[in-house]
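Here the structure is laid out as structure tokens; the discussion comes afterwards.
Bear in mind these aren't lab numbers, they're just calculated from the coordinates by the rules spelled out. Bear in mind that the values here come from a model prediction, so they are computed numbers and not experimental data. Please note: Cβ atoms are built from the backbone with ideal geometry, for glycine as well, and neighbour counts cover all protein chains shown.
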Amino acid sequence: DAGITQSPRYKITETGRQVTLMCHQTWSHSYMFWYRQDLGHGLRLIYYSAAADITDKGEVPDGYVVSRSKTENFPLTLESATRSQTSVYFCASSEGSGRNEQFFGPGTRLTVL
Amino acid sequence: DAKTTQPPSMDCAEGRAANLPCNHSTISGNEYVYWYRQIHSQGPQYIIHGLKNNETNEMASLIITEDRKSSTLILPHATLRDTAVYYCIVRVVYGGSQGNLIFGKGTKLSVKP
């Protein structure tokens, strides 16, 4: 299917476990982004990537790791999940980070027990 | 610190125009005004953007004041499906972290039958 997809859509894990959230886009967009959304905070940028093998921190990067070996994939890993990382995670992509609009995925709802 | 100010909520009757205001009094010359919306439980969706001229597309119109310190998003004939949180964002056009989207709390628009 064309577009931007995220998997899993729902995930429950335990404190201390490693979790990887997947993001895949079929447009060959150069830029990809990870956001988290919590009540009272809106969407906050975690990491972004300008191209394969180029990543940079956003507003709230602590506790997360990203990689981008292929243009179409941008996985987000929580190396040791904490309860404060319970959130809804959105991936997005765009042709550039300038005037170009960002296209968002459907989100992953993560619960850390 | 917030770069935009929006009312937390608004109501609109179905079929009427919805006018959503946004103040961005500290906007600089190289910053565009963007509007996104987020329907419940979905990823944000791009609506429109502009620099200083009024813009219109198939979804909405964007009216930016001459001094660029405020703008209004207009949904000409609101439907129940337009019920969502609407985000007004200012961003620079070139790349790097300064070009990233910074979401505030937005305006929750409720379209009522």
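The table below lists the values:
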| item | result |
| --- | --- |
| Summed side-chain charge close to A:PHE90 - residues other than A:PHE90 whose Cβ falls under 11 Å, Lys, Arg +1, Asp, Glu -1 | +3 |
| Net charge of neighbours whose Cβ lies under 9 Å from the Cβ of A:TRP27, counting Lys and Arg as +1 and Asp and Glu as -1 | -2 |
| Summed residue charge, Cβ within 9 Å of A:SER49's Cβ, Lys/Arg positive, Asp/Glu negative | -1 |
| Principal axis box of chain A, alpha-carbon based, largest edge first, Å | 37, 27, 23 |
| Partner aspartates and glutamates for A:LYS70 [C-alpha distance under 19 Å; skip if fewer than 8 residues away on the same chain] | A:ASP1, A:ASP53, A:ASP56, A:GLU95 |
| Cα-based Kirkwood hydrodynamic radius, region B:38-90, one decimal, Å | 12.1 |
| Greater than 22 Å apart at Cα, pairs in B:LYS69/B:LYS112; B:LYS3/B:LYS52; A:LYS11/B:LYS108; A:LYS57/B:LYS108; A:LYS57/B:LYS52; B:LYS3/B:LYS112 | B:LYS69/B:LYS112; A:LYS11/B:LYS108; A:LYS57/B:LYS108; A:LYS57/B:LYS52; B:LYS3/B:LYS112 |
